[in-house]
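> Just dropping this structure here.
The values are calculated or read from the model by the stated rules, or taken from the named source; none is laboratory data. Note that the coordinates shown come from a computational prediction; the quantities given were computed from them, not determined experimentally. In this analysis, Cβ positions are derived from the backbone assuming ideal geometry, glycine residues included, and neighbour counts consider all displayed protein chains. The accessibility values were calculated without ligands, DNA or RNA, using every heavy atom of the protein model including side chains. Shrake-Rupley method; radii C 1.70, N 1.55, O 1.52, S 1.80 Å.
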Amino acid sequence: MAQRGVRRAVVIGGGIAGPVLGMFLRRIGVEVTIFEARAAPAEQEGAFLGIAPNGMNVLAELGIAGVVEARGAPCAGMRFENARGRRVGVIDQRDAARRFGAGLVMIRRGALHAALAEEAARRGVAIRYGARLEDVDASDPREVVARLRGGDEARGDVLIGCDGFRSRTRVSALPGAPEPGYTGLIDFGGFARCPGAPVEPGWNVMVFGRRAFFGAFGAPGGEVWWFHNSGEPAPEPGRAAPPGAPGGAATSEALRERILAQHEGDPGWIGDVVRATPEVLGPWLLHDILTMPRWHDGRVCLIGDAAHATTPHAGQGASLAMEDGMLLARCLRDEPEPEQAFAAFERLRRPRVEAIVRQARRQGSNKAVSGPVAGWLRDRALPLFLRIGAAAQARVHAYRIDWEERAA
Ligand SMILES: Cc1cc2nc3c(=O)[nH]c(=O)nc-3n(C[C@H](O)[C@H](O)[C@H](O)COP(=O)(O)OP(=O)(O)OC[C@H]3O[C@@H](n4cnc5c(N)ncnc54)[C@H](O)[C@@H]3O)c2cc1C
């Protein structure tokens, strides 16, 4: 059970880290309230993501891996192609359950949010929607106060910021912490019905195009779930952005035209998929935080993207957020006071997550090339790059947290 230091936890953000942390905290007897800025559960929000074996193992420890699998789809692996449609590498995930204890699951973001929120509520986690944190008051050494938009307050023995890469908790409680940096790549996505596309059910086809990168997953029921990454200069403050660019006019038609232009000369099915998409989603400007001096101060701690935002290229942001939730709860179980628990958490987590954030950044750098010569050089290096990437990915997937182990 929880030690004397922590009975009530205020959790800011009900995305991925928040509900997972909440469920583990309930397990050690902590009263948990999640304050989520969105007005209601976001069942239709966003595109899709992959939960890696290391994340699925966290969900298995909570007993909800099956619930999430049922709302998503197993992924057999990834096939990589160059701009001429030639195969340059394969990562086969079909034996992931034997190697890592769990497989890779693709799921729509809204479906994942709904599953986590429902399971958290079932375990006694209170979730308040429409509750946006404005400030953290940590002046009283005995408790911490969250000040919410509209004037409400919430008090707890600890406050955990799970509020994503633009974390208000970080700005308020850790002044001077670095802002996330823009990596120069943007992301679009969508869901299409495109029966002619050569995307086998259960497989991800990843194309290193002439100018941009395209990924397509063969989802159950014949849908293609896709994303596109391309290079984009940082938006200039005060200058109007072109249609389809971040900050510019964002009709689906403008976005579609922009993506199609980036894939001119790439395998024709990419254009077919993009044209068959009723609504193009995005753009998301991809940011990361390579390192932060501290993740905690007094009774406040950051986890997930708030502490170590990562780009999606390693497919790990959600899984790391889940690992964080499990490990922080274990530290709060085993350390007598919050500050000691937070220090133990940061010491145990930092080397792993920072290495993965750097790895994701490196993987992204191959996705957009500046011209034909750079493209030719990149394509020559791809098979080796993919072999090294697959070995690194296997090490990341093999990581397991033992709930029974003592934190210190
Ligand atoms: C396009 C894209 C594709 C991705 N694909 C993958 C993938 O395939 N695999 C993967 O593992 N990761 C992927 N990621 C990364 C992954 O989505 C994040 O790492 C993950 O969502 C982090 O979880 P989190 O709970 O820390 O933050 P979030 O999921 O961002 O949740 C933060 C929550 O806090 C709420 N919030 C924000 N501010 C406040 C406030 N002031 N008060 C109250 N609530 C607040 C937000 O509404 C949100 O619900 C992708 C990211 C992007 C952008």
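> Scan region 134-154 and report the pairs whose first residue is closer than 15 Å to GLU337 by Cβ and in contact (Cβ under 8 Å) with a residue 60 or more places away in the chain and whose second residue is outside any strand (DSSP E or B) and open to solvent by 60 Å² or more (accessible area, probe 1.4 Å), with Cβ atoms within less than 8 Å and a gap of 6+ or a chain change.
Here the result reads VAL144/ALA138, each pair linking region 134-154 to a residue that is outside any strand (DSSP E or B) and open to solvent by 60 Å² or more (accessible area, probe 1.4 Å).
> Another question, if that's okay. Mind listing just one residue for me: the one in region 1-14 that is of a type outside the set (A, V, I, L, M, F, W, C) and at pLDDT below 95 and, of those, least open to solvent (accessible area, probe 1.4 Å)?
Once the filter is applied, the top-ranked residue is GLY5.
> Among the residues of region 207-216, is any at positive phi and part of a loop (DSSP other than H, G, I, E, B)?
Checking region 207-216: not a single residue is at positive phi and part of a loop (DSSP other than H, G, I, E, B).
Residues are listed down the side, and each one gets a yes or a no for (1) in the same structural domain as ARG294 (by TED's automatic domain parsing); (2) within 16 Å of the ligand (Cβ to nearest atom); (3) open to solvent by 50 Å² or more (accessible area, probe 1.4 Å):
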| site | (1), (2), (3) |
| --- | --- |
| ALA329 | yes, yes, no |
| GLU337 | yes, no, yes |
| PHE342 | yes, no, no |
| VAL357 | yes, yes, no |
| ALA368 | yes, yes, no |
| LEU377 | no, no, yes |
| VAL396 | no, yes, no |
| ARG400 | no, no, yes |
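> Yes or no: GLU279 touching a Ser or Thr at 6+ places or on another chain (Cβ under 6 Å), closer than 24 Å to GLU45 by Cβ, at pLDDT below 95 and open to solvent by 30 Å² or more (accessible area, probe 1.4 Å)?
yes
> Now a separate question. I'd like the residue in region 112-134 that is open to solvent by less than 70 Å² (accessible area, probe 1.4 Å) and in contact with a Ser or Thr (Cβ under 7 Å, 6 or more places away or on another chain) and, out of all such residues, is nearest to the ligand (Cβ to nearest atom).
LEU133
> Enumerate the strands (runs of 3 or more DSSP E) found wholly within region 26-92, keeping only those where 3 or more residues are surrounded by fewer than 22 Cβ atoms within 10 Å (Cβ to Cβ) and touching a helix residue (DSSP H, G or I) at 6+ places or on another chain (Cβ under 6 Å). Give the steps one after another, and end with the answer.
Details: elements: 31-36, 48-51, 73-75, 77-82, 87-92.
By residue number, 87-92.
> Can you tell me how many residues in region 374-393 are touching a helix residue (DSSP H, G or I) at 6+ places or on another chain (Cβ under 8 Å) and among the aliphatic types (A, V, I, L, M)?
Residues in region 374-393 being touching a helix residue (DSSP H, G or I) at 6+ places or on another chain (Cβ under 8 Å) and among the aliphatic types (A, V, I, L, M): 1 in total.
> Turning to a different aspect of this structure: Given the criteria more than 12 Å from the ligand (Cβ to nearest atom), at pLDDT 95 or above and not aliphatic (A, V, I, L, M), does PHE24 qualify?
yes
> Name the pairs whose Cβ atoms lie under 9 Å apart, with the first residue in region 328-341 and outside any helix (DSSP H, G or I), the second open to solvent by 40 Å² or more (accessible area, probe 1.4 Å), and 6 or more positions between them or separate chains?
Going by the 9 Å Cβ cut-off, the qualifying pairs are GLU335/GLN3; GLU335/ALA343; GLU335/ALA408; PRO336/GLN3; PRO336/ARG4; GLU337/GLN3; GLU337/ARG4.
> Can you tell me which residues in region 143-189 are more than 12 Å from the ligand (Cβ to nearest atom) and among the β-branched types (Val, Ile, Thr)?
VAL144, VAL145, VAL158
> Run down ALA102, ALA76, ALA17, ALA39 and say which single residue is among the hydrophobic types (A, V, I, L, M, F, W, C), out of contact with any Asp or Glu (no Cβ under 8 Å at 6 or more places or on another chain) and modelled with pLDDT of 95 or more.
ALA102
> Then there's this: Any idea which of VAL396, VAL357, VAL373 is touching a strand residue (DSSP E or B) at 6+ places or on another chain (Cβ under 6 Å), hydrophobic (A, V, I, L, M, F, W, C) and assigned to a helix (DSSP H, G or I)? Spell out how you get there, then give the answer.
Numbers: VAL396 fails: touching a strand residue (DSSP E or B) at 6+ places or on another chain (Cβ under 6 Å); VAL373 fails: touching a strand residue (DSSP E or B) at 6+ places or on another chain (Cβ under 6 Å).
From the options VAL396, VAL357, VAL373, the qualifying one is VAL357.
> Please determine whether any residue of region 159-182 is open to solvent by 10 Å² or more (accessible area, probe 1.4 Å), without any contact (Cβ under 8 Å) to a residue 60 or more places away in the chain and in a strand (DSSP E or B).
No, there is no match, as no residue in region 159-182 is open to solvent by 10 Å² or more (accessible area, probe 1.4 Å), without any contact (Cβ under 8 Å) to a residue 60 or more places away in the chain and in a strand (DSSP E or B).
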